[in-house]
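S.K.: Take a look at this one; I'll ask things after.
The values are calculated or read from the model by the stated rules, or taken from the named source; none is laboratory data. Remember, it's a predicted structure, so these values are computed and weren't measured experimentally. Methodologically, a virtual Cβ is constructed for each residue, glycine included, from the backbone with ideal geometry; neighbour enumeration extends over all protein chains shown. Heavy atoms of the whole protein, side chains included, go into the accessibility calculation; ligands, DNA and RNA do not. Shrake-Rupley method; radii C 1.70, N 1.55, O 1.52, S 1.80 Å.
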Amino acid sequence: MTDFETPVDDLSEAPAVKPGKPIAWPLGLAGVALVIVGAFLSWSYDGQILNDLSVNFYPNGLQNLAIILAVLSLVLLLAEKGPLVKLGSWVDATLGLRALGLGLVLYMVLVLIAISIESDGLINVNPGGYVTLVGAALIAASAWMLPLHQLRDMSEARMPAWFEILSIAFLMAALLFTAAYTLAQDEAWPLILCLVFAGTAATALFRSGVMSFVGHAGQRHRKVLTLAAFAAAFLFPFTQNGDDTNMSIAGAVLVFSATAMGLNIVVGLAGLLDLGYIAFLGSGAYVAATLSTSAFATIGWKPPFLVVVLVGACVAATLGLIIGSPTLRVSGDYLAIVTLGFGEIFRFSMFNLDGNNGPNLTNGPNGIPGIPDLELFGFNFGTDHTIAGIDLTRNSNYYFLLLLLIGGVILAFSRLNNSRIGRGWVAIREDEKAAEAMGVNVFGLKLLAFAIGAFLAGMAGTVKAHQDGAVSPDQYIFLESAFLLAAIVLGGMGTIVGVLLGATILKVLPEKLRFFLEYRLLLFGLLLVLMMRFRPEGLVASRRRKLEFHEEDEALAVAVEEERLIAAEEAK
Amino acid sequence: MTVTETQDVAARPIGDPVLEASGVTMRFGGLLAVNDVNLTVREGEIVGLIGPNGAGKTTFFNCLTGLYKPTSGQVRFSGTPLPPKPRAVVRAGMARTFQNIRLFANMTALENVMVGRYCRTSAGALTSVLHGPKFRREEAATRARAQELLEFVGLGRSTEHLARNMPYGDQRRLEIARALATDPKLILLDEPTAGMNPQETRQASDLIFKIRDSGLSVVVIEHDMRFIFNLCDRVLCLVQGSALIEGTPEEVQSDPRVIEAYIGTGEDDEDEGPQDDVPGGEV
């Protein structure tokens, strides 16, 4: 009974390996060669479009991206058969190649469409573009002719520590580079193409199992992973060289992420659905605004900012307790409705506390503009700096401050998650009645989740007020709460990386896809529906959560179990 | 906790009363689910609770553990009255398992048991975030104790398995380990062998003896007559919410009313009671 035998043997009854066709491999090599040669040729006559693709033997921007994808394909091909064949026993070259081939074809088709739209007709496409497209098609074709392998378990892959650390660092650098490059695209088509590139590369890395290796390496070197991620985030402003627009988006992303992490405690851990969460961010912002030295601030007390942060966070937490104590007695759908109402009450209160209907606290619909820049320890956040010849603007200053804040928020989240309190929350989410019968203080813990989540959001709000320079009620509409929730669901409930990713996507895409204008929300809706259909556990699901949604997947269940056992053995 | 001899029931001295329930009555609207039931459990005693389906056994458990507030009657634990609040009941030292297993499905076995330690630990949010010395000490102790309990119930090798992926019998044991993690003086087991084969049932009764020998009192709801008469020092039979008879297994076994009400007059010896449970009566 107690002997749990992991059914490893079932796995080794390999699914029949489909033999590949002998032509596949040389075909793939030819495809790679064609893509690279094509990328060195001119793609278009018109030098004015798509960052100039008109010069022969001088690959530029988008052509370089195609070359990168081709080189990735080459590596996978050589892992399949050739000098890197040792790598091939770990990495699923075929699946990776399929992603790369398809992505490249999509990429080139979009390039051709872009050229013909931007400068009237396919006639403007130079041979280079067609050569690359044919190469891409060859890679895709060869990938579908290659055999599917039975692979060794990636969790057993061990490399020297320096190599693992290096691969983590390399991944972070690649992320930083891709993010910086993508954000640098101001026009629609190059941006879309960059996104396709990033999507293709990421899918290929995931499908081939390279990411799984980095993931395991990251588990073994958790501190390195965290440090590398923060280093990459820290270096981001240096890639922007004074571009204030992107830094302002980045700052907004961090505020949004910090708030989402707070909501992640409430929704992801304790399982309470809150649809009015933006109010807590708003209350923090309003506290900071009314206590600031703005000419429109309504309260005379001007404490230093660190005190303001604490006051703002505590006011938000108190609001959390006030809304929580009566409403937490209802659960599920009813709680969602009550919190939805609370979010609206907050907005209307801010709208109406203008002196006509009560005390003048918030200037009503006008809000509080003219909030001055922060000044901490004699450092004014409004001033620009030049470090190592790179301009750091006002928004970069706030970015660094927010990075510090979100570091604290993540630390709090992960430590709470792995504590008695976090276990209590998850127990409540899993089975409230059983948790109660085991002596868990259900009501108290729910309140605590509300209060701590609100505290974190309130902290983010105080910085947001200064960063935006103004607060007004219309910043805190229901849609924002819905987006927060969407970020968590999209990214993966209860995870850290997932929620950060979800928040980034949901904040960056609307800003960068402005040329879609009114279709933006439509696209989002579509994205969310597709996500829920094909990946209900979110982009970065904890594997545990993955099981919840894909229960029939035996292989996955076994893999998860083994992973846990290995982790447990290592812990000993 | 020590593993010692088992079956020798009669020779052990019986201690002071741990649980004294007097006149417990539970009414759902017009339905009298539990009617004026008295039960006393002494230290180191195993008491069986039997009765046909719908007799109110689980409802009676729920009244004892505070999930229901009894309409009237009193529950005293170690001499002091118990408020009908699950948390207070657990803190006082009474833990339970559920008829249909209610584990935290997406937590590991170890985490499940660690949740049971919740009421005996006190690290707050702040020390958890700061990783203060108190937190570290308590967390290590919680982990060690949970591991020890998993080994006690025979799940020492499954600590990192998700509860949902464990075999049925292991889930029952895990529930018992989770209940034991609350450091109870009395443990209430609601059909611990439901759905088990004879071998598993034997293991379950060994485990219950082991729990008793480690100094706890046990109350068991069961349908398996052989199991309960072999296991228990005393048996209380409930029929339609009222206590029919209380006594030694031999007395209860031979009482004609029990045979008529429960065991039946025909060949079917169990599980043939009405299938409809009391509304909300089974948790």
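S.K.: For residues that are charged (D, E, K, R) and more than 7 Å from chain A (Cβ to nearest Cβ), scanning just the range B:145-169, find the one that is most open to solvent (accessible area, probe 1.4 Å).
M.R.: B:GLU151
S.K.: Can you pull out the residues in the range A:317-342 that are aromatic (Phe, Trp, Tyr) and open to solvent by less than 50 Å² (accessible area, probe 1.4 Å)?
M.R.: Result: A:PHE342, single match.
S.K.: Among the listed residues A:LEU183, A:LEU193, A:LEU112, A:LEU146, which satisfies the condition of being at pLDDT below 85 and in contact with an Asp or Glu (Cβ under 7 Å, 6 or more places away or on another chain)?
M.R.: Just one listed residue meets the conditions, A:LEU146.
S.K.: Can you name every residue in the range B:176-186 that is within 12 Å of chain A (Cβ to nearest Cβ), open to solvent by less than 10 Å² (accessible area, probe 1.4 Å) and touching a strand residue (DSSP E or B) at 6+ places or on another chain (Cβ under 6 Å)?
M.R.: Of everything in the range B:176-186, those that are within 12 Å of chain A (Cβ to nearest Cβ), open to solvent by less than 10 Å² (accessible area, probe 1.4 Å) and touching a strand residue (DSSP E or B) at 6+ places or on another chain (Cβ under 6 Å) turn out to be B:ALA179, B:THR182.
S.K.: Next up: Having 3 or more residues that are more than 21 Å from A:LEU27 (Cα to Cα) and open to solvent by less than 40 Å² (accessible area, probe 1.4 Å) is the bar; report the helices (runs of 4 or more DSSP H) wholly within the range A:64-157 that clear it.
M.R.: It comes to A:93-118.
S.K.: If I filter the range B:26-77 down to residues being acidic (Asp, Glu) and under 22 Å from B:LYS185 (Cα atoms), which single residue comes out as least open to solvent (accessible area, probe 1.4 Å)?
M.R.: B:GLU45
S.K.: What are the residues in the range A:343-380 that are in a helix (DSSP H, G or I), aromatic (Phe, Trp, Tyr) and either open to solvent by 30 Å² or more (accessible area, probe 1.4 Å) or touching an Asp or Glu at 6+ places or on another chain (Cβ under 6 Å) (or both), if any?
M.R.: Hits for the range A:343-380 are A:PHE348, A:PHE351.
S.K.: Where in the range B:196-268 are there helices (runs of 4 or more DSSP H), lying wholly inside it, with at least 2 residues that are acidic (Asp, Glu) and without any contact (Cβ under 8 Å) to a residue 40 or more places away in the chain?
M.R.: Filter on the range B:196-268 gives B:249-254.
Yes/no per residue for (1) assigned by the TED database to the domain that holds A:ILE67; (2) out of contact with any Cys (no Cβ under 8 Å at 6 or more places or on another chain); (3) surrounded by 20 or more Cβ atoms within 10 Å (Cβ to Cβ):
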{"residue": "A:PHE163", "(1), (2), (3)": "yes, yes, no"}
{"residue": "A:LEU175", "(1), (2), (3)": "yes, yes, no"}
{"residue": "A:CYS194", "(1), (2), (3)": "yes, yes, yes"}
{"residue": "A:VAL224", "(1), (2), (3)": "yes, yes, no"}
{"residue": "A:ALA258", "(1), (2), (3)": "no, yes, yes"}
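Conditions tested, residue by residue: (1) within 25 Å of A:LEU148 (Cβ to Cβ); (2) of a type in the set (A, V, I, L, M, F, W, C); (3) touching a Ser or Thr at 6+ places or on another chain (Cβ under 9 Å).
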{"position": "A:ALA161", "(1), (2), (3)": "no, yes, no"}
{"position": "A:PHE170", "(1), (2), (3)": "no, yes, no"}
{"position": "A:ALA180", "(1), (2), (3)": "no, yes, yes"}
{"position": "A:ALA188", "(1), (2), (3)": "no, yes, no"}
{"position": "A:SER208", "(1), (2), (3)": "yes, no, yes"}
{"position": "A:HIS221", "(1), (2), (3)": "no, no, no"}
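S.K.: Further question: One residue is enough: does the range A:392-407 have a residue meeting the conditions modelled with pLDDT of 80 or more, within 14 Å of another protein chain (Cβ to nearest Cβ) and under 28 Å from A:GLY494 (Cα atoms)?
M.R.: Taking every residue of the range A:392-407 in turn, at least one turns out to be modelled with pLDDT of 80 or more, within 14 Å of another protein chain (Cβ to nearest Cβ) and under 28 Å from A:GLY494 (Cα atoms).
S.K.: Taking the conditions exactly as written (at pLDDT below 75, in the same structural domain as A:GLY251 (by the TED database), in a helix (DSSP H, G or I) and open to solvent by 70 Å² or more (accessible area, probe 1.4 Å)), does A:LEU517 satisfy them or not?
M.R.: Yes.
S.K.: Just to be sure I understand, how many residues within the range B:135-144 are away from chain A (no Cβ under 11 Å) and among the basic types (Lys, Arg)?
M.R.: 1
S.K.: Which of the numbered conditions does A:PRO326 fail, given that it passes all the others? Conditions: (1) part of a helix (DSSP H, G or I); (2) over 30 Å from A:ALA435 (Cα atoms); (3) not aliphatic (A, V, I, L, M).
M.R.: For A:PRO326, the exception is condition (2).
S.K.: Could I ask something else about it? So which residues in the range A:412-431 are open to solvent by 40 Å² or more (accessible area, probe 1.4 Å) and at the interface with another protein chain (Cβ under 7 Å from one of its Cβ atoms)?
M.R.: Scanning the range A:412-431 gives A:ARG415, A:GLU430.
S.K.: Just to verify a result, which residue in the range A:381-399, among those that are more than 13 Å from A:ASN246 (Cα to Cα) and small (Gly, Ala, Ser), is surrounded by the most Cβ atoms within 10 Å (Cβ to Cβ)?
M.R.: Only one residue tops the list, namely A:GLY382.
S.K.: Could you look through the range B:78-111, keep only residues that are over 17 Å from the mean Cα position of the chain (by Cα) and either within 7 Å of another protein chain (Cβ to nearest Cβ) or farther than 21 Å from B:VAL218 by Cα (or both), and pick out the one that is surrounded by the most Cβ atoms within 10 Å (Cβ to Cβ)?
M.R.: B:ALA109
For (1) among the hydrophobic types (A, V, I, L, M, F, W, C); (2) closer than 30 Å to A:PHE413 by Cβ; (3) modelled with pLDDT of 90 or more, each residue gets a yes or a no:
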{"site": "B:MET107", "(1), (2), (3)": "yes, yes, no"}
{"site": "B:SER128", "(1), (2), (3)": "no, yes, no"}
{"site": "B:ALA181", "(1), (2), (3)": "yes, yes, yes"}
{"site": "B:LEU189", "(1), (2), (3)": "yes, no, yes"}
{"site": "B:ASP206", "(1), (2), (3)": "no, no, yes"}
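S.K.: Here is a follow-up. From the list B:VAL47, B:VAL3, B:VAL75, B:VAL34, pick out the single residue that is more than 23 Å from B:ALA194 (Cα to Cα), of a type in the set (Val, Ile, Thr) and at pLDDT 85 or above.
M.R.: Criteria check complete, one pass: B:VAL75.
S.K.: Still on this structure, I have one more. Considering only the range A:454-470, how many residues are open to solvent by 20 Å² or more (accessible area, probe 1.4 Å) and part of a helix (DSSP H, G or I)?
M.R.: Counting residues in the range A:454-470 that are open to solvent by 20 Å² or more (accessible area, probe 1.4 Å) and part of a helix (DSSP H, G or I) gives 4.
S.K.: Considering (1) touching a Gly at 6+ places or on another chain (Cβ under 6 Å); (2) within 18 Å of A:MET493 (Cα to Cα), say which one A:ARG423 fails and leave the rest.
M.R.: Unmet condition: (1).
S.K.: Continuing with this model, one more query. Residues A:SER283, A:SER331, A:SER292, A:SER349: which one is within 23 Å of A:VAL489 (Cβ to Cβ), in the same structural domain as A:THR462 (by the TED database) and not aromatic (Phe, Trp, Tyr)?
M.R.: One residue alone meets the criteria, A:SER331.
S.K.: Now for a separate question. If I filter the range A:432-453 for residues that are assigned to a helix (DSSP H, G or I) and more than 14 Å from every other protein chain (Cβ to nearest Cβ), do I get at least one hit?
M.R.: no
S.K.: Further question: B:THR193 is checked against (1) more than 10 Å from every other protein chain (Cβ to nearest Cβ); (2) modelled with pLDDT of 90 or more; (3) crowded, with 16+ Cβ neighbours inside 10 Å and fails just one. What number does that condition carry?
M.R.: (2)
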